[in-house]
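This report refers to the structure that appears directly beneath it.
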Amino acid sequence: MLLCDFHIHTKYSDGSVELRRTIDLYGQAGFDVIAITDHVVNGDSLIGKLAHRFRLSVTEENFNGYIDAVREEAERARKKYDMLVICGVEISKNYLTTDKSAHILVLDIKEFIPACWGYEKIFLEARRQKAITVACHPHYMSDNSRDTLYLWNNREKYDKHIDAWEIANRDDVFNVISLKKYNYIANGDFHRPRHLYSWKTLLNCDKRVESVKECIKHNKGVAITLFRN
Ligand code: ZN
Ligand code: ZN
């Protein structure tokens, strides 16, 4: 099965490791498929504005440069490690209350999607781009300062738009996702080198972007594993 991590941050947002070194860390650790998913933060709230001020977000202005850099690294990763690298973002709607906040991975994104858009519009635009969407850390976490509960609390309204939910994020496991029988994947939410050792996804499919997206969407041949040093 393919060893995968679909949730990785670099210095393009709030990660501590440069893109190129991040690729090398995962390549040398033997990963088959990864997605680079830097934050695209909403600009319509106080904490969203702060993220922009401290350059912790990909913006409409540097989005194309970000995608080009990830594609260039993807080519290098394929040759050097036979590792597939997918272009993604984590649409991050950050508000003062956890009930209002939500993070959504958009995997295989092609054009910029503003995080201040409404949920419906974001999901429809992701679908138009033939990307897939993943609800990130959807329930209570061990670090409750990172809780984002909006999508779980409004799941009846949005679950038809969400291709998969994170059943595990770094060290946290969300049993509500398995109880609800939602499509699942598990990710490291990498921000610093030690986050390499965390929950991961195993997929039984070809090492191609389209096959990986289909496998997640149909959620057959998916397993999770705790990757430790
Ligand atoms: Zn997040
Ligand atoms: Zn993240």
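Structure note, pairs Lys110/Lys213; Lys49/Lys130; Lys181/Lys207; Lys181/Lys217; Lys93/Lys121; Lys100/Lys157: Cα-Cα distances above 23 angstrom occur for Lys49/Lys130; Lys181/Lys207.
Principal semi-axes of the equivalent ellipsoid, √(5λ) from the alpha carbon gyration tensor of region 167-229, are 20, 16, 9 Å from largest down. If you run the Gaussian network model on the chain, springs between alpha carbon atoms under 10 Å, then out of Val106, Val33, Val209 the most flexible one is Val209.
Residue by residue, region 174-182 carries 3J(HN,Hα) couplings of 10, 5, 4, 5, 6, 4, 7, 6, 6 Hz when phi is fed to the Karplus relation 6.51 cos²θ - 1.76 cosθ + 1.60 (θ = phi - 60°); x denotes Gly or Pro. In the distance distribution for region 22-114, Cα-Cα pairs more than 15 Å apart total 61 percent. Applying a 4.7 Å Cβ-Cβ cutoff to the chain leaves Cys4, Cys87, Cys116, Cys136 as cysteine residues with no disulfide-compatible partner. Its relative contact order, with pairs defined as Cα atoms under 8 Å and 6+ residues apart, puts the chain at 20 percent.
Within the same chain, aspartates and glutamates fewer than 8 places from Lys80 are excluded, and of the rest, those with a Cα less than 14 Å from its Cα are Asp24, Asp32, Glu72.
Determine the calculated [θ] at 222 nm for the chain from helices alone, applying -39500 (n - 2.57) to every DSSP H run no shorter than 4 residues and normalising by the residue count; nearest 500 deg cm²/dmol.
Mean residue ellipticity, 222 nm, calculated: -8500 deg cm²/dmol.
Look at Ser211, Ser13 and count the other Cβ atoms within 10 Å of each Cβ; fewest to most, that gives Ser211, Ser13. Here is the list for region 1-78: chymotrypsin sites (Phe, Trp or Tyr not before Pro) lying in DSSP coil, each with at most 12 other C-beta atoms within 10 angstrom of its C-beta, are Phe54. Residues whose amide H falls under 5 Å from that of Gly188, counting only those 5 or more places apart or on a different chain, are Phe6, His7, Arg170, with hydrogens built in the peptide plane.
Ellipsoid fit via the Cα gyration tensor, region 59-113: semi-axes of 28, 13, 8 Å, each the root of five times an eigenvalue, largest first. In a DSSP loop and with at most 13 other Cβ atoms within 10 Å, the trypsin sites (Lys or Arg not before Pro) in region 29-73 are Arg55. Summed over all non-identical Cα pairs, the Kirkwood treatment of the chain gives a radius of 17.2 Å.
Readers should treat all values here as calculations from the given coordinates under stated rules, not as data from a laboratory. Predicted model only: the values in this text are computed from it and were never measured. Methodologically, a virtual Cβ is constructed for each residue, glycine included, from the backbone with ideal geometry; neighbour enumeration extends over all protein chains shown.
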